[in-house]
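Before any comments, here is the structure.
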Amino acid sequence: MTAVQPDLSEVWHWLSQVPDPEIPVISLTDLGIIRDLVWEGDTLVVTVTPTYSGCPATSIINLDIETALRGHGIGKLRLERQLSPPWTSDWITAAAREKLRAYGIAPPVDGTAADGRLAGRISRLAGTSNLVIACPRCGSTRTEKISQFGSTPCKASWRCTDCLEPFDYFKCI
Amino acid sequence: MAGAVDQAAFVEWLQRIGDNALILGHRVSEWCGHAPVLEEDIALANQALDLIGQCQLWLGLAAEVEGRGRTADQLAYLRDAVEFRNLLLVERPNGDFGQTLMRQFLFDAFHIELLRALKSSADPRVAEIAAKAEKEVAYHLERSADLVVRLGDGTAESHARMEKALKSQWPYTGEMFLDDAVDAAMAQAGIAPLPSSLRPAWERTVSEVLAEATLAHPGEAFSHKGGKRGVHTEHLGFVLAEMQFLQRAYPGAVW
């Protein structure tokens, strides 16, 4: 007798329990990187989109998905990479943004992604920024950018000038 | 697709864009553990990571189009210098932090224009890699432009170093905009823009940032060239010796 194919909503639920390897307070579904789940005959096809092209977590994420699903008894599965549309931090769920904040990472401010168009933005170069990021520790908006890049490709380094704590900002992309 | 694609030219073109990302990514990664401050060290490592990730996508597609069963890794690790197609600019030694930053800025300003144009490539695989990479490179350009301004319009020492960096990197920028038969074939097929068409937008960005950085625009200058057809400076061999050592010494080694 063969096992009954689990319902896809159940598979989505399982994946919502798989933590991101770099930021374990949020899950793969919170991040919005699972783009599709379908059964092709008896094979489960999981479509995943990378956050950043060179994110070192990508291969770990694939391994974690496979391990989790095999743990739930899925014998045949295939992972597919989908590049388009490219991942955007807009896909991070509202609940996940709160989890990030509670963990000490300021969530992305939608609509502020770098577009590489420097005209009119030169004035905000050299450290000044229009972006207002609230300190995830004390809530103050008196914060400043230290570097556009942080401990992982998806984060920038900021500091709070009130409580003086440095913090990560999950940048908008 | 707009026209029939010359497959050999397509592979050649994909190697050019992939090799630019690979060699610059490797150069930038050489700073890991050596940058002037921790934040810059992390930023450089992250940029290197973005570039190497993009290189995997481009060389992966090159291998697929080539259809000889090679992989992105094999293209990266098992070709010799004459088979590399990157611009001479990206193989230039890192020099001091100012030279690295100036090289990055001059390249980023070109890279973003190229990727923007490629988003409407007739080949959807090219368009989707470009759309992904453009978002990352927008951050690279903002950062490198920011630092060129800070250091150019900084202390007497930093200004002098940026001036020297600009002077030494500038003769390597002309190659970015030279069109050849491969570029013509790609433009004909609607896959990629002619490099020369990207120059006006690049020139605008560069002029604006150099002015803000109080650095004199070098104007017209002699252009070194050859990288796009495999004629490299002596520096590339040293890059490859380090980058390819493991796969050459232990063929097929995997993690």
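Rule-based calculations on the coordinates, nothing more; no lab input. Remember, predicted model here, so these are calculated numbers, not experimental data. Here Cβ is always computed from backbone atoms with ideal geometry, including for glycine, and neighbour counts include all displayed protein chains.
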- [ ] Just round it to a whole percent: the fraction of Cα-Cα distances in the stretch B:112-255 exceeding 29 Å.
- [x] 34
Task: Unit charges on C-beta of K, R, D, E only; dipole of the stretch B:7-249, Debye - done: 420
Open item on the list: Can you give me the Rg/Rh ratio for the stretch A:8-81, using Cα atoms for both radii and the Kirkwood formula for Rh?
Closed with: 0.93
Open item on the list: Over chain B, with a Gaussian network built from C-alpha contacts below 10 Å, which listed residue (B:THR205, B:THR155, B:THR100) shows the highest mean-square fluctuation?
Closed with: B:THR155
TODO: State the antiparallel share, in %, of DSSP beta bridges confined to the protein assembly as shown, rounding to the nearest 5.
DONE: 70
Task: Eligible lysines near A:LYS155 by straight Cα distance, threshold 19 Å, same-chain separation 8 or greater - done: A:LYS99, A:LYS145, A:LYS171, B:LYS132, B:LYS135
- [ ] Return the Cα extents of the protein assembly as shown along principal axes one, two and three, sorted largest first, each rounded to a whole Å.
- [x] 75, 60, 44
Task: Rounded if a/c under 1.5, otherwise prolate or oblate - the stretch B:111-172, Cα gyration tensor axes - done: prolate
- [ ] Could you point to the residue in A:PRO153, B:THR214, B:ALA241 farthest towards the positive end of the protein assembly as shown's charge dipole, with +1 and -1 charges on the Cβ of Lys/Arg and Asp/Glu respectively?
- [x] B:THR214
- [ ] Measure off 7 Å from each Cα along the Cα-to-Cβ vector at B:LEU38 and B:TYR250, then give the distance between these two points in nanometres to one decimal.
- [x] 3.2
Task: Charge dipole magnitude, Cβ of K and R +1, D and E -1 - the protein assembly as shown, Cα centre, debye nearest 20 - done: 280
Open item on the list: Averaged across B:37-47, how many Cβ atoms of other chains sit within 10 Å of each residue's Cβ atom?
Closed with: 5
Open item on the list: Averaging the inverse of every distinct alpha carbon separation and then flipping it gives the Kirkwood radius. What is it for chain A, in angstrom units?
Closed with: 17.8
Open item on the list: Counting only Cα atoms, I'd like the Rg/Rh figure for the stretch B:7-249, Kirkwood definition for Rh.
Closed with: 0.95
Task: MRE, 222 nm, helices only [DSSP H, n ≥ 4, -39500 (n - 2.57), over chain B, to nearest 500] - done: -21500 deg cm²/dmol
Open item on the list: Under 5 Å between amide hydrogens, which residues at least 5 positions from A:ILE146 or on another chain qualify, with H placed 1.01 Å from N in the peptide plane?
Closed with: A:SER157, A:TRP158, A:ARG159
Open item on the list: Net charge around A:GLY75, counting only other residues with Cβ within less than 14 Å of its Cβ (Lys, Arg = +1; Asp, Glu = -1)?
Closed with: 0
